[in-house]
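Everything on this sheet refers to the single structure shown next.
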């Protein structure tokens, strides 16, 4: 009977815990410092999980709890992501993580191999499924030339003044608007400003969305040899301009300013003011929209592979779309780590899993069973004969 520890009982962590606890024989413990979050996680699981009040920023306390587990799942804010992964890699743990950590987690690969740890990082929706689909598309083509990833979590109803609410940690949301975006152009890494190169695109079931550059390629920059790659975020039209105004005003800055003799970091104040307004109310509906395009040639024929996701709030469980689409890829891979399908020691990016027999098909199947469906499409263009 496997013992599973979930670190973090937030919007996604509570869904991870509920999904894993539904597996026969799984004993799931959820750790968080918030009693309110723990109560929600317990309720969402139908009372199947055990809760532990714990400050997950305390690496020692986390390590002691994890030592009793057959599998650990990390659902913590990005500020804790790397140090927690490092602790798990050092301890020889089996670990699956969704933290959007700014550090390069692949640097911990040698440590994990030495200890025997099996760790998969970034295993959410984007990063996560975006990496999986991109790598699968590249693997299907004879030669891949372009990868274009677009993803957005948005409220179903667009309301003034923001037209937006957040499905994950405040710090991680605001970081998207300031962290320089790395893209690949002609085989070279190019740094572009966050929120740059806006474009309006139409999507089924949603309408027009605006897309902009964000730093979402992450490990794909090192693992895929494709000359053109980018990742972009999607919001309702008007969001980019508002975030640019906030940024130019200095509201995203982490440099303290003096306000009446009190030192305040503008981003901390902004988060404090925004997130009561950007937080979903119980039962409020959200959407996840995603498109992954891989272009190149297949046996010399120009080919475009596309995957589209349109997912919405699940009324029966009360799970938000962003929580579902982030949690279920993680729980699918976590089960494969636990049953030995993914077994070689090391630290893996999601795209590293694509070459492992059966892993891609199982993830897609697990998501489909849970109502998360990626629609795929193949477009080809026969080349004209020479001389015509």
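What follows is calculated from the coordinates using simple rules that are stated; it is not laboratory data. None of these values were measured; they are calculated from a predicted model. Cβ coordinates were reconstructed from backbone atoms using ideal geometry, including for glycine residues, and neighbour counts include every protein chain displayed.
Restricting the count to DSSP beta bridges whose residues both fall in the chain, what percent are antiparallel, rounded to a multiple of 5?
Expressed as a percentage, antiparallel bridges in the chain total about 65.
Only Cα pairs within less than 10 Å get springs; with that Gaussian network setup on the chain, which residue of 241, 316, 351 has the largest fluctuation?
Of the options given, 316 has the highest mean-square fluctuation.
Can you tell me the length gained on complete extension of the stretch residue 159 to residue 114, counting 0.36 nm per residue apart and subtracting the Cα distance?
Computed gain between residue 159 and residue 114 is 11.0 nm.
Which distance in Å, rounded to a whole number, links the C-alpha centroids of the stretch 16-74 and the stretch 187-227?
Cα centroid to Cα centroid, the span is 34 Å.
No solvent, one uniform scatterer per C-alpha: report log10 I(q)/I(0) for the stretch 129-312 via the Debye equation at q = 0.13 1/Å, two decimals.
So the normalised log intensities are -0.73.
Among 320, 376, rank each residue by its count of other Cβ atoms within 10 Å, from fewest to most, as a rough exposure measure. Numbers along the way, then the final one.
Numbers: 320 29, 376 14.
Listed from fewest to most nearby Cβ atoms, that is 376, 320.
Build a GNM of the chain with springs between Cα atoms under 10 Å: which of 74, 152, 371 gets the top mean-square fluctuation?
371
Measure off 7 Å from each Cα along the Cα-to-Cβ vector at residue 204 and residue 273, then give the distance between these two points in nanometres to one decimal.
Once both label points are built, they end up 4.2 nm from each other.
Apply 1/(1 + (r/R0)^6) to the Cβ-Cβ distance of residue 377 and residue 24, taking R0 = 41 Å, and write down the FRET efficiency to the nearest 0.05.
According to the calculation, E is roughly 0.65.
Looking at the P(r) of the stretch 286-388, how many percent of alpha-carbon pairs lie beyond 25 Å?
37
Semi-axes of the equivalent ellipsoid of the stretch 1-145: what are they in whole Å, largest first, if each equals the square root of 5 times a C-alpha gyration tensor eigenvalue? Could you put the intermediate results ahead of the total?
Values: eigenvalues 141, 68, 41 Å².
Semi-axes (√(5λ), whole Å): 27, 18, 14.
Counting other beta carbons within 10 Å of each residue's own, what order do 98, 221, 342 fall into, fewest first?
Result, fewest neighbours first: 221, 342, 98.
Zone of residue 264 (label point 7 Å along Cα→Cβ, backbone N under 20 Å): which residues in the stretch 165-181?
Under 20 Å, as judged by backbone N against the label point of residue 264, lie 170-171, 174-175 of the stretch 165-181.
Using only the Cα atoms of the stretch 67-176, what do you get for the radius of gyration and for Dmax, in Å?
Answer for the stretch 67-176, Rg first and Dmax second: 16.9, 53 Å.
For the chain, modelled as a GNM with alpha-carbon contacts under 10 angstrom, which of 242, 54, 133 fluctuates the most?
Of 242, 54, 133, the Gaussian network model singles out 242 as fluctuating most.
Would you compute, from DSSP H runs of 4+ residues alone, the mean residue ellipticity of the chain at 222 nm, taking -39500 (n - 2.57) per run and dividing by the full residue count, rounded to the nearest 500?
Computed mean residue ellipticity for the chain: -9500 deg cm²/dmol.
So how much slack lies between residue 186 and residue 61, counting 0.36 nm per residue of separation and subtracting their Cα-Cα distance, in nm?
Additional length available on full extension: 40.4 nm.
Quote to one decimal, in nm, the extra length available between residue 196 and residue 145 on full extension: 0.36 nm per residue of separation minus the C-alpha distance between them.
16.1 nm
Can you tell me, using C-alpha contacts under 8 Å and at least 6 residues apart, the relative contact order of the chain as a whole percent? Please report the intermediate quantities before stating the final value.
Details: 847 pairs, mean separation 73.1, N = 388.
Relative contact order for the chain comes out at 19 percent.
Report the residues of the stretch 123-164 in range of a label on residue 241: point 7 Å along Cα→C-beta, backbone N strictly under 19 Å from it.
158-164
What is the stretch 147-206's relative contact order, in percent, from Cα pairs under 8 angstrom and six or more apart in sequence?
18
If you line up the Cα atoms of the stretch 144-218 on their principal axes, what length do they span on each, largest first, in Å?
40, 30, 18
At each listed q (0.10, 0.12 Å⁻¹), what is the log10 of I(q)/I(0) that the Debye formula gives for the chain modelled as equal alpha-carbon point scatterers?
-0.65, -0.94
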